[in-house]
Amino acid sequence: MHIMVILPPILFLMRRVDSGYRAKPENLQLHGKNLSDETVEEYEAVRNSLIAMLEELDDRLTKITDDVRHVEEPLSQDFAEQAVQTENDEVLDHLGIAARTEIEHVRQAIARIDKGGYGLCESCGESIDKGRLKALPFARLCIKCAQAEEN
Ligand SMILES: [Zn+2]
């Protein structure tokens with residue numbers, strides 16, 4: 001019997017992402033203070049959703065990589081078709097870079113949760129608006145600093 005049959009697929013995915021992220025943070029802190037049980041629960045929920053995002057992104061990246069490598073469809077011999085494929089590969093390349101960047105952001109957000117700085121703006125140190133965090137759980141800047149950075 002194959003080991004793959006025994007392990008649930010989710011475990012496999014997690015392994016591929018990073019087994020270290022499965023560890024539950026023992027003492028979640030903010031500003032060096034321990035958090036209330038309620039906030040800890042909230043953080044754990046965010047952390048879980050970030051991990052789910054990471055899985056999804058990793059899955060997407062695998063698909064993109066497979067497409068670029070032409071796993072299912074070998075590179076065509078026809079020159080015109082090859083040109084189209086090269087163009088497609090460039091698009092896929094951009095998607096791959098975007099996915100990788102997003103993965104990096106999500107990983108950093110998880111690291112911030114574990115280090116105790118989640119929800120604080122990395123630039124000014126103020127709390128990031130809850131609504132913003134809900135929409136963008138891996139935001140590292142408050143809205144003011146994010147806008148300043150864009151300009
Ligand atoms: Zn800020």
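Taking each residue of region 129-151 that is closer than 20 Å to residue 107 by Cα and looking for partners that are β-branched (Val, Ile, Thr) and near the ligand (Cβ under 9 Å from one of its atoms) with beta-carbon atoms closer than 6 Å, six or more apart or interchain, yields 132/143; 139/128; 142/128.
Out of the residues in region 51-93 that are modelled with pLDDT under 85 and among the small types (Gly, Ala, Ser), which is surrounded by the most Cβ atoms within 10 Å (Cβ to Cβ)? That would be 76. Name the residues in region 96-148 that are of a type in the set (Val, Ile, Thr) and not in a helix (DSSP H, G or I), would you? Residue satisfying the conditions is 128 alone. Scanning region 133-150 for residues that are surrounded by fewer than 18 Cβ atoms within 10 Å (Cβ to Cβ) and either more than 14 Å from the ligand (Cβ to nearest atom) or among the hydroxyl-bearing types (Ser, Thr, Tyr) (or both) yields 134, 135. Is one or more of the residues making up region 82-100 out of contact with any helix residue (DSSP H, G or I) (no Cβ under 7 Å at 6 or more places or on another chain) and under 16 Å from residue 54 (Cα atoms)? Yes, because at least one residue in region 82-100 is out of contact with any helix residue (DSSP H, G or I) (no Cβ under 7 Å at 6 or more places or on another chain) and under 16 Å from residue 54 (Cα atoms). Can you confirm whether residue 109 is in contact (Cβ under 8 Å) with a residue 24 or more places away in the chain, under 15 Å from the mean Cα position of the chain (by Cα), within 16 Å of the ligand (Cβ to nearest atom) and surrounded by 13 or more Cβ atoms within 10 Å (Cβ to Cβ)? Here the answer is yes, as residue 109 does meet what is asked.
Among the residues making up region 112-126, those that are more than 8 Å from the ligand (Cβ to nearest atom) and surrounded by 13 or more Cβ atoms within 10 Å (Cβ to Cβ) are 112, 113, 114, 116, 117, 118, 119, 120.
The values are calculated or read from the model by the stated rules, or taken from the named source; none is laboratory data. A quick note: this is a predicted structure, and the numbers were derived from the prediction, not measured. Cβ: placed from backbone, ideal geometry, glycine included. Neighbour counts: every protein chain shown.
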